[in-house]
Each structure stands twice: as structure tokens, then as C-alpha cells.
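Student: Mind having a look at this structure? Questions to follow.
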Amino acid sequence: MTSAIGFALGLLVFAENQNAGDQVTVLRNVAVLDGTGRAVQQNQDVTIKGDRILSIKAASSVVPKGARVVDLAGKTIMPQLINSHGHLGLLKGTTMSSANYTEDNIRAQLLRYEAYGVGAVLVLGTDHDEIFGLREASRKGTLPGAAIYTAGKGFGVKDALPPLSFGMDQVFRPLTEAEARNELRQLAAKKPDVVKIWVDDLWGTLPKMKPEIYGGIIQEAHRHGLRVASHVFYLEDARKLVGSGLDIIAHSVRDAEIDDPLLAEMKKRKVAYIPTLSLDEFAFAYQNDPQWLNSPFFQAALEPGVLQMITSAEYKEKVRKNPNTAKEVSALQVALKNVKRIHDAGILLSMGTDSGAQPIRVQGFSEHMELELLVKAGLTPLQAIATATKNAAALLKVDDRYGTLAPGKKANFIVLDKDPSTDILNTRTISAVWKNGEKVNEGPLATLAKAN
């Protein structure tokens with residue numbers, strides 16, 4: 001999606017939201033998937049006043065006087081998705097660069113996420129300071145698209161993760177605990193939603209963050225009322241981080257199955273888990289032609305040039321010859337097992353994708369692919385959807401307004417042509433996205449076709 005398209009869509013969204021007021025709208029005869037994990041309620045009338053849901057009741061012929069009626073017979077509505085691990089601004093075309101980090105680019109990406117039914121994105125550690133002003137506009141409703149949540153500048157390791165080659169040059173890279181604590185205090189003044197740290201060593205090729213540094217960051221963050229999320233790969237790192245007070249594991253443990261003692265400790269300490277399964281699948285999927293490659297739903301989300309890149313013989317051969325490709329295949333299988341263990345242990349499992357961190361991790365499509373992988377891991381479609389709605393809202397601490405469809409909650413939802421509780425791939429049948437009680441787009445395919 002180009003910046004021009006983004007601006008055009010943004011003006012349309014803004015104008016529609018300005019007219020919402022206290023308008024009463026009744027969605028007639030619609031199936032309601034409320035995001036809690038319970039079964040879909042068929043033949044419902046959903047009454048909306050302004051930007052809030054007023055009631056959800058069995059369909060009847062009685063509607064409030066003066067109400068706008070929208071017949072959604074045969075459709076299913078579900079809450080907008082929340083991506084609790086994404087990235088903004090650095091991706092443009094086939095490049096990752098700090099120079100790409102502009103307001104125009106961020107606006108276009110927020111609108112792309114929204115067209116795919118993603119209502120909010122938590123950006124974990126790769127933002128520039130400008131994000132805080134954009135976040136304020138996003139919260140006020142003057143910046144259209146998905147809502148922004150951010151960790152601001154994260155904490156990495158000098159000459160190690162996160163990679164400078166991906167434009168991640170704003171990250172703090174403290175050499176001592178004292179330096180880390182001082183930088184955390186600087187960050188805390190900007191009131192980030194969480195703090196992000198990178199700990200692991202990229203297949204053993206780079207130095208890890210030292211325990212005294214991440215321990216100091218976690219302690220100092222907690223003194224300022226901030227939670228810490230960590231990039232992680234190894235079971236032993238996860239164990240040490242949880243013991244040091246980590247709040248959120250921001251990737252799957254992928255080298256070994258999570259054992260019962262760690263599960264118990266995570267549950268006791270209320271540590272949340274963001275699996276980012278699609279990250280691993282994207283790392284190896286393009287060596288062949290995945291079944292979704294030619295899907296318009298996938299291709300509409302791509303930055304210019306990415307399709308040509310990933311379908312080229314040169315790129316496929318590069319993936320096949322990469323010694324880490326086989327490791328990624330194995331890592332995903334371990335990650336799938338660990339997701340089921342985390343879920344069954346009753347630990348907060350929140351959908352995240354790491355989309356936008358590389359051109360191959362596609363903003364908008366990744367979130368639907370993540371739902372498919374959660375089902376592959378053994379969750380039911382309703383349980384998978386709950387990770388991306390109810391649970392993700394709980395992780396962001398906004399579940400009083402978002403994440404489920406219920407009276408008093410925000411009227412933010414996706415309209416689907418098919419019921420995803422019977423087939424998770426049906427989250428891709430988006431015919432409309434509503435925000436604050438108004439339709440803001442008609443899904444990615446219609447929206448992009450209209451804009452072009």
C-alpha cells in the first residue's frame with residue numbers, strides 16, 4: 001500500500017468517525033463470535049450507540065426508533081485482532097532501514113493492519129522517539145488505522161541483536177548494569193507500554209546479553225511500574241529470565257520442550273507468553289511455493305517487490321542452502337508443542353507475529369497465519385481467536401474496552417463472510433472492518449482495489 005493510498009483511506013476513516021456521534025445502529029441477524037472462547041451465538045441483533053455496544057440479543061423485529069439498520073444475515077462478527085508483537089516503519093519495499101521510518105510509512109502500515117482486521121499493534125523495541133507523539137494521536141483517534149502501543153527504544157547487545165542491518169539503530173546497547181539502569185530511566189520518562197530486551201545469540205553466532213544487565217533492566221523497569229518483554233529462544237534463558245522477574249516471553253522457546261517446573265513458575269509469577277509461530281514458518285516456507293503464495297489475501301499485504309523477491313529462483317536457492325533453514329523447521333515443531341503446553345497450563349497466551357521486522361514477515365497476513373498455526377498446535381479455532389482478542393487485550397491491559405464483544409465494550413469488530421469457529425481460515429473472509437461504531441473499510445481486497 002502506498003503512502004498516497006494510506007492518506008486517502010485515512011481521510012475516509014476520519015470523516016466517518018467524526019459523524020458517529022450518538023448514532024444508534026442495529027446489526028440485524030448476525031452470528032456473534034465474542035472472543036471469550038465460547039460458542040458462536042447465531043441470529044443476534046447487536047445494538048450500537050456511538051462507539052460502544054449497547055446490547056447483544058436474539059434477533060427480533062423491534063428496533064429503536066430512528067436507528068440505522070444494517071442487515072448482516074449470513075455474516076459473522078468477531079473482535080478486531082490485536083498483534084502483541086509487531087514492528088512499524090522500518091520496512092519499505094524489500095528493504096529494512098532506519099531511513100524508512102517516516103510518519104507517511106507508519107500511517108500506511110497502520111491502515112494496512114486495520115484492513116486485515118488488526119485493531120492494535122504493540123511495537124517491541126524498534127521505534128524511534130517520534131512514535132510517542134504518534135501514539136498520542138492514535139489514542140485520541142486523530143491518527144487512523146490500527147492503534148499504536150510501543151516499547152519505544154529496546155535494549156540489545158553491542159555488535160549483536162537486534163541486527164543493525166535491519167535498521168534497528170535506535171536500540172540501547174548498554175555495556176554495564178549502571179548504564180542500562182540509567183537508559184531505562186530515560187525511557188521510563190516517555191511512559192512506554194512495556195520495555196523490550198533482546199537476550200539470545202542467533203544460533204550461537206553472537207554474544208548474549210549478560211544476566212546482570214537484563215537483571216538490572218528488569219529491576220529498574222519494575223521500580224517505574226513497567227513490565228519487561230524479552231526476545232528469547234532457549235529454555236535455559238527463559239528459566240533465568242523468569243527467575244529474574246521477566247513479565248513477558250516475547251517469542252517461543254524453541255530448543256526444548258518447556259518443563260513442568262518452569263510452567264509452574266510462569267503461572268505463579270503470571271508471566272505471559274507470545275509465541276510468534278509465523279516467524280519460524282516464514283523463515284523456511286519460501287524455499288518452495290507455500291499453498292497460500294498465490295492467494296490474493298496474501299499478496300494484497302505485500303510491500304512492492306517482495307513477491308518478485310520471494311518467488312525468484314535465486315531467493316529460493318538461498319533459503320535452501322542456508323544452514324539455519326533446517327534449524328527453523330525443527331524450531332517450529334518444538335514451538336508448536338510448547339504453545340499447547342503453555343495453553344493447557346493456564347498461562348496467558350497472547351497472539352503476536354513479529355510482522356514488519358523483515359520483508360518476509362507480512363503485516364496483516366501474518367496475524368491470520370498465526371491463528372492457523374495456533375490451531376495446528378492443538379488449540380481450537382475459538383481458543384486461537386481468544387489469544388488474539390481477549391488475551392491480547394489483557395496483555396495490553398485494555399480488556400475493559402477491547403478484545404471481546406459485550407455491552408459496554410468498544411464497537412470494534414470484523415465482519416466475516418464465513419464462520420471461523422468451524423474453520424480458522426475463515427478469518428480471511430473479511431467483508432468489512434468496523435471501528436468506534438462505524439465501518440472503516442471493506443477488508444483488504446476491496447479496500448486496495450478501490451484505492452487503486
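The values are calculated or read from the model by the stated rules, or taken from the named source; none is laboratory data. On a predicted model such as this, the values are computed, not experimentally measured, just so you know. Because the Cβ atoms are built from the backbone with ideal geometry, glycine has one as well, and the counts that use them run over all protein chains shown.
Student: Could you please give the count of residues in segment 129-181 that are small (G, A, S), surrounded by fewer than 22 Cβ atoms within 10 Å (Cβ to Cβ) and over 20 Å from M96 (Cβ atoms)?
Tutor: 4
Student: Checking the condition in contact (Cβ under 8 Å) with a residue 60 or more places away in the chain, of a type outside the set (F, W, Y) and not in a loop (DSSP other than H, G, I, E, B), which residue from I217, I213 passes?
Tutor: That would be I217, the only listed residue that is in contact (Cβ under 8 Å) with a residue 60 or more places away in the chain, of a type outside the set (F, W, Y) and not in a loop (DSSP other than H, G, I, E, B).
Student: Something else: All but one of (1) surrounded by fewer than 22 Cβ atoms within 10 Å (Cβ to Cβ); (2) within 18 Å of H251 (Cα to Cα) hold for E317, so report the exception by its number.
Tutor: (2)
Student: Under 6 Å between Cβ atoms, at least 6 apart or on separate chains: pull out the pairs that start in segment 90-110 with a residue that is in contact (Cβ under 8 Å) with a residue 24 or more places away in the chain and end on any residue that is of a type outside the set (G, A, S) and surrounded by fewer than 15 Cβ atoms within 10 Å (Cβ to Cβ).
Tutor: That search, which allows pairs on different chains as well, returns G93/P304.
Student: Let me ask something else. Checking Y214 against (1) surrounded by fewer than 19 Cβ atoms within 10 Å (Cβ to Cβ); (2) aromatic (F, W, Y); (3) touching a helix residue (DSSP H, G or I) at 6+ places or on another chain (Cβ under 8 Å): exactly one of these is not met. Which one?
Tutor: Going through (1) surrounded by fewer than 19 Cβ atoms within 10 Å (Cβ to Cβ); (2) aromatic (F, W, Y); (3) touching a helix residue (DSSP H, G or I) at 6+ places or on another chain (Cβ under 8 Å) one by one, Y214 breaks only (1).
Student: Picking from R107, R139, R135, which residue would you name as being of a type outside the set (F, W, Y) and at pLDDT below 95?
Tutor: Just a single option satisfies the conditions, and that option is R139.
Student: Mind listing just one residue for me: the one in segment 330-382 that is part of a loop (DSSP other than H, G, I, E, B) and of a type in the set (D, E, K, R) and, of those, farthest from R428 (Cα to Cα)?
Tutor: In this case the residue turns out to be D354.
Student: Moving on. Taking into account only those residues within segment 90-122 that are in contact with a strand residue (DSSP E or B) (Cβ under 8 Å, 6 or more places away or on another chain) and in a loop (DSSP other than H, G, I, E, B), which is surrounded by the fewest Cβ atoms within 10 Å (Cβ to Cβ)?
Tutor: Residue satisfying both the conditions and the ranking: L90.
Student: Separate question: Just to check your reading of the model, which residue among D255, D247, D289, D280 is acidic (D, E) and over 22 Å from S330 (Cα atoms)?
Tutor: D247
Student: Take the residues in segment 46-69 that are part of a loop (DSSP other than H, G, I, E, B) and β-branched (V, I, T), then tell me which one is surrounded by the fewest Cβ atoms within 10 Å (Cβ to Cβ).
Tutor: Filtering first and then ranking leaves V62.
Student: Is one or more of the residues making up segment 187-210 closer than 16 Å to L348 by Cβ, among the hydrophobic types (A, V, I, L, M, F, W, C) and out of contact with any helix residue (DSSP H, G or I) (no Cβ under 9 Å at 6 or more places or on another chain)?
Tutor: For segment 187-210, residues closer than 16 Å to L348 by Cβ, among the hydrophobic types (A, V, I, L, M, F, W, C) and out of contact with any helix residue (DSSP H, G or I) (no Cβ under 9 Å at 6 or more places or on another chain): absent.
Student: Collect the residues in segment 261-308 that are more than 25 Å from E114 (Cα to Cα) and touching a Ser or Thr at 6+ places or on another chain (Cβ under 6 Å), keeping them in residue-number order.
Tutor: Correct list: F284 only.
Student: Tell me which residues, restricted to segment 258-277, are under 16 Å from A335 (Cβ atoms) and either among the β-branched types (V, I, T) or not assigned by TED's automatic domain parsing to the domain that holds S230 (or both).
Tutor: I258, I274, T276
Student: Would you call T150 under 30 Å from E212 (Cβ atoms), modelled with pLDDT of 95 or more and among the polar types (S, T, N, Q)?
Tutor: Spelling it out, T150 is indeed under 30 Å from E212 (Cβ atoms), modelled with pLDDT of 95 or more and among the polar types (S, T, N, Q).
Student: Examine segment 315-326 for a residue that is touching a residue at least 40 places away in the same chain (Cβ under 8 Å) and among the hydroxyl-bearing types (S, T, Y), and state whether such a residue exists.
Tutor: For segment 315-326, residues touching a residue at least 40 places away in the same chain (Cβ under 8 Å) and among the hydroxyl-bearing types (S, T, Y): present.
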